[in-house]
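This report refers to the structure that appears directly beneath it.
The values are calculated or read from the model by the stated rules, or taken from the named source; none is laboratory data. All values reported here derive from a predicted model rather than from experimental measurement. So basically every Cβ, Gly included, is an ideal-geometry build from the backbone, and we count neighbours across all protein chains shown. All accessible areas refer to the heavy atoms of the entire protein, side chains included, with ligands and DNA or RNA removed. Shrake-Rupley method; radii C 1.70, N 1.55, O 1.52, S 1.80 Å.
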Amino acid sequence: MRHSRPRHAFSLIELVIVLAILAVITAIAIPRFTRGAEGADDVGLQGDLSVLRNALEFYKLDHGSYPAQASITAQLTTQTDASGAAGTDFGPYLVSIPKLKVGANKGSNAIGTAAAAPPTVEVASVGWQYHEATGSIYATATGYFDK
């Protein structure tokens, strides 16, 4: 009676099959991860716009009107009185103005004036465009004005 010794290694064919499977999985996974990273900025932008728009609405509920263009950052990020001046009655509505995540002005958290709602042109070095009459705020990036 012959006893066979247990095998301790993989054959070359088994290794080639495993490598082929890994190559197929990699070819499928890498493009999916890349697309996910590209869309992350868009999702972040939508989240920031939602936060900004909610802060503006809460400000309006407390004060009866939207913040003044000239002092919007201070009025949203510090405590204010009923008139919108520094005080202790309301706010702050935001810890800070979020930075723009897309476009040529990426990284800017400055708020500029929107001539129309929605705006149609980018304003240099401004992250957001605010239309005081309507309380609308938009990203200053071509292709994102209608978000």
Give all pairs with beta carbons closer than 7 Å in which a residue from the stretch 117-138 that is more than 12 Å from Asn105 (Cα to Cα) meets a residue that is among the aromatic types (Phe, Trp, Tyr) and modelled with pLDDT under 90; count only pairs at least 6 apart in sequence or on separate chains. Pro118/Phe145; Pro119/Phe145; Thr120/Phe145; Tyr138/Phe145
Residues that are charged (D, E, K, R), surrounded by 15 or more Cβ atoms within 10 Å (Cβ to Cβ), in contact (Cβ under 8 Å) with a residue 60 or more places away in the chain and under 20 Å from Asp41 (Cα atoms): does the stretch 97-110 have at least one? yes
Looking at the stretch 77-93, is at least one residue surrounded by 10 or more Cβ atoms within 10 Å (Cβ to Cβ) and among the aromatic types (Phe, Trp, Tyr)? yes
Of those in the stretch 79-95 that are under 13 Å from Leu56 (Cα atoms) and assigned to a loop (DSSP other than H, G, I, E, B), the residue nearest to the chain's Cα centre (by Cα) is Leu94
Of the numbered conditions (1) in a helix (DSSP H, G or I); (2) closer than 18 Å to His131 by Cβ; (3) open to solvent by less than 60 Å² (accessible area, probe 1.4 Å), Gly47 fails exactly one; give the number of that condition. (2)
Considering every residue within the stretch 16-37, establish whether at least one is out of contact with any strand residue (DSSP E or B) (no Cβ under 9 Å at 6 or more places or on another chain), within 30 Å of Gln129 (Cα to Cα), open to solvent by less than 70 Å² (accessible area, probe 1.4 Å) and at pLDDT 90 or above. no
Among the residues of the stretch 60-117, the number that are over 26 Å from Gly143 (Cα atoms) and basic (Lys, Arg) is 1
Residue hits (the stretch 54-76; out of contact with any Pro (no Cβ under 8 Å at 6 or more places or on another chain), buried (at least 18 other Cβ atoms within 10 Å of the Cβ) and hydrophobic (A, V, I, L, M, F, W, C)) are Ala55, Ile72
Determine, yes or no, whether Thr140 is surrounded by 14 or more Cβ atoms within 10 Å (Cβ to Cβ) and either at positive phi or modelled with pLDDT of 90 or more (or both). no
